[in-house]
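Structure record follows, encoded as structure tokens.
The values are calculated or read from the model by the stated rules, or taken from the named source; none is laboratory data. Predicted model, so just to flag it, every value in this text is computed and none were measured. Quick reminder, even Gly has a Cβ in these numbers, built from the backbone with ideal geometry, and neighbours come from all protein chains shown.
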Amino acid sequence: MSEQPVRIAMWSGPRNISTTLLRSWGARRDTFVCDEPLYAHYLLVSGAAHPAREQVIQAHETDWRRVAEWLTGPVPDGKPIFYQKHMAKHLLPGVGREWLAELAHAFLIRDPADMLASFARIVPDPTLEDTGLPTQCELFDQVAQRTGRAPPVIDSRDVLENPAALLQRLCESLDVPYSEEMLSWPAGPRATDGVWAPHWYAAVESSTGFAPPGPKRDGPPPELSALYDQSMPYYERLSGYRLRA
């Protein structure tokens, strides 16, 4: 591991165990974590009608430039690792990309049949952009071209089926030491959670570790079949690079 801080940007879609991974990294004593730092900017610019929209905009930074400066600046608490949970769709076209070169990037994916069914229960009528998959593929290509190698991709189901093995592979790919601290954590909210937590994090707040995955859907809900067909080529492309136990 380098003497310089490692700033990890984990790019996810919605309902992808991204907050569970936030807990996992937050359980490490050597890591500072942050929760969707571009969310307030996304809500302000996109006009998306998400739960607690106005509260998020008022409580969190809405200027992406200030967010980028913070994410690439000194790591809070002087920790050697800065884990940043991002929703890929929050990286709107108007957000500059230059600062991303200072981060180590990883990608979290989930079968769209499962992801869309879960997401649509909270945000009706989701779009392809809501899945984050096009942006994930865009970023994946940019990182691969800049670094000369594919950045790590992990699938939510793989992580839940074998968390220790997948987290070890992920840490190795990011050039940070693996810690068994990542496998368990105390229940409850965190000061680093966004103010939107009461609307999204009930299951995570009661968790103390990785739960086994639920049954896999055979396909999407009928009303989401067209969006599922749009999403699958992006998912399958990233899935071809995913780390395996």
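Among the residues of this structure, residue 30 does not count as one that is of a type outside the set (Gly, Ala, Ser), touching a Leu at 6+ places or on another chain (Cβ under 9 Å) and closer than 28 Å to residue 179 by Cβ. Give all pairs with beta carbons closer than 8 Å in which a residue from the stretch 199-228 that is without any contact (Cβ under 8 Å) to a residue 12 or more places away in the chain meets a residue that is in a loop (DSSP other than H, G, I, E, B) and loosely packed, with under 15 Cβ neighbours inside 10 Å; count only pairs at least 6 apart in sequence or on separate chains. Pairs that qualify, where the first residue is without any contact (Cβ under 8 Å) to a residue 12 or more places away in the chain and the partner is in a loop (DSSP other than H, G, I, E, B) and loosely packed, with under 15 Cβ neighbours inside 10 Å, are 225/219. Exactly one residue out of 210, 140 is aromatic (Phe, Trp, Tyr) and under 18 Å from residue 27 (Cβ atoms): that is 210.
Pull up the stretch 161-175, narrow it to residues that are touching a strand residue (DSSP E or B) at 6+ places or on another chain (Cβ under 9 Å) and within 20 Å of residue 144 (Cβ to Cβ), then point me to the one that is surrounded by the most Cβ atoms within 10 Å (Cβ to Cβ). My answer is 170.
For the stretch 1-16, enumerate the residues that are in a loop (DSSP other than H, G, I, E, B) and buried (at least 23 other Cβ atoms within 10 Å of the Cβ). Across the stretch 1-16, the qualifying residues are 13, 16. For the stretch 170-198, filtering for residues that are under 13 Å from residue 22 (Cα atoms), of a type outside the set (Gly, Ala, Ser) and in contact (Cβ under 8 Å) with a residue 60 or more places away in the chain leaves 7. The single condition among (1) touching a residue at least 60 places away in the same chain (Cβ under 8 Å); (2) in contact with a helix residue (DSSP H, G or I) (Cβ under 7 Å, 6 or more places away or on another chain); (3) not in a helix (DSSP H, G or I) that residue 61 does not meet is (1).
Any residue at all in the stretch 27-34 that is in a strand (DSSP E or B) and acidic (Asp, Glu)?
Scanning the stretch 27-34 turns up no residue that is in a strand (DSSP E or B) and acidic (Asp, Glu).
I'd like to know if the stretch 113-126 contains one or more residues that are part of a loop (DSSP other than H, G, I, E, B) and closer than 19 Å to residue 25 by Cβ. Checked against the condition, which is being part of a loop (DSSP other than H, G, I, E, B) and closer than 19 Å to residue 25 by Cβ, the stretch 113-126 yields no hits at all. Residues that are surrounded by fewer than 20 Cβ atoms within 10 Å (Cβ to Cβ) and farther than 25 Å from residue 3 by Cβ within the stretch 88-105 comprise 92, 93, 94, 95, 96, 97, listed in sequence order.
With respect to (1) over 18 Å from the mean Cα position of the chain (by Cα); (2) among the acidic types (Asp, Glu); (3) surrounded by 15 or more Cβ atoms within 10 Å (Cβ to Cβ), the lone exception for residue 155 is condition (1). Is there any pair linking a residue in the stretch 154-169 that is over 14 Å from residue 238 (Cβ atoms) to one that is acidic (Asp, Glu) and part of a helix (DSSP H, G or I), with Cβ under 8 Å and at least six apart or on different chains, and which? Every condition considered, the pairs that remain are 164/180; 166/158.
I need a count of the residues in the stretch 77-112 that are part of a helix (DSSP H, G or I), without any contact (Cβ under 8 Å) to a residue 24 or more places away in the chain and within 21 Å of residue 140 (Cβ to Cβ).
Keep residues of the stretch 77-112 that are part of a helix (DSSP H, G or I), which gives 77-78, 88-90, 98-102, 112.
Then drop every residue that is not without any contact (Cβ under 8 Å) to a residue 24 or more places away in the chain, which leaves 78, 98.
Retained after the next criterion (residues that are within 21 Å of residue 140 (Cβ to Cβ)): 98.
Residues meeting the conditions: 1.
Taken over the stretch 196-228, the criterion of being buried (at least 16 other Cβ atoms within 10 Å of the Cβ), part of a loop (DSSP other than H, G, I, E, B) and at pLDDT 95 or above is satisfied by 207, 210. If I filter the stretch 106-115 for residues that are exposed (fewer than 12 other Cβ atoms within 10 Å of the Cβ) and farther than 28 Å from residue 223 by Cα, do I get at least one hit? For the stretch 106-115, residues exposed (fewer than 12 other Cβ atoms within 10 Å of the Cβ) and farther than 28 Å from residue 223 by Cα: absent. In the condition set (1) at negative phi; (2) surrounded by 21 or more Cβ atoms within 10 Å (Cβ to Cβ), residue 65 is compliant with all but (2).
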